[in-house]
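To start, the structure under review is shown below, and the notes come after it.
The values are calculated or read from the model by the stated rules, or taken from the named source; none is laboratory data. What you are looking at is a predicted structure, and each value in this text was computed from that prediction instead of being measured. Please note: Cβ atoms are built from the backbone with ideal geometry, for glycine as well, and neighbour counts cover all protein chains shown.
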Amino acid sequence: MQCDPKAYKKFAQEVQTSAHKFAKGNLRLWVGIPEFVFDVPEPLLIAHYVEDTLKQLKEKHSFPEDGNVFLAAHSLGGVMT
């Protein structure tokens with residue numbers, strides 16, 4: 001709760017780079033980090049934030065329409081996920 005989304009940027013980049021190296025270039029992996037109002041996930045709006053993050057990945061980063069989605073979270077976000 002109350003974690004700045006920017007704090008996850010380096011970790012997300014490492015996950016993407018590691019996946020690419022591990023699969024020898026045969027895997028494309030996208031990481032989306034939702035931004036919550038006041039940096040606090042809201043249980044009633046979690047689906048909106050997930051859908052908005054996927055929409056941004058599709059619009060800005062060529063995430064495929066039929067791409068598989070894996071959700072990972074921690075703390076309060078983990079409980080809601």
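Data table
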read-out: Any chance residue 55 is surrounded by 11 or more Cβ atoms within 10 Å (Cβ to Cβ), at pLDDT 85 or above, on the phi < 0 side of the Ramachandran plot and not in a loop (DSSP other than H, G, I, E, B); value: yes
read-out: Filter pass, residue 25 being farther than 21 Å from residue 78 by Cα and assigned to a loop (DSSP other than H, G, I, E, B); value: yes
read-out: Unmet requirement for residue 50, which otherwise passes all of (1) under 15 Å from residue 73 (Cα atoms); (2) in contact with a helix residue (DSSP H, G or I) (Cβ under 6 Å, 6 or more places away or on another chain); value: (2)
read-out: Failed item, numbered, when residue 16 is tested on (1) of a type outside the set (Ser, Thr, Tyr); (2) part of a helix (DSSP H, G or I); (3) more than 12 Å from the chain's Cα centre (by Cα); (4) surrounded by 10 or more Cβ atoms within 10 Å (Cβ to Cβ); value: (3)
read-out: Complete set of residues in region 18-75 that are acidic (Asp, Glu) and either touching a Ser or Thr at 6+ places or on another chain (Cβ under 8 Å) or free of Cβ contacts under 8 Å to residues at least 12 places away in the same chain (or both); value: 42, 51, 59, 65, 66
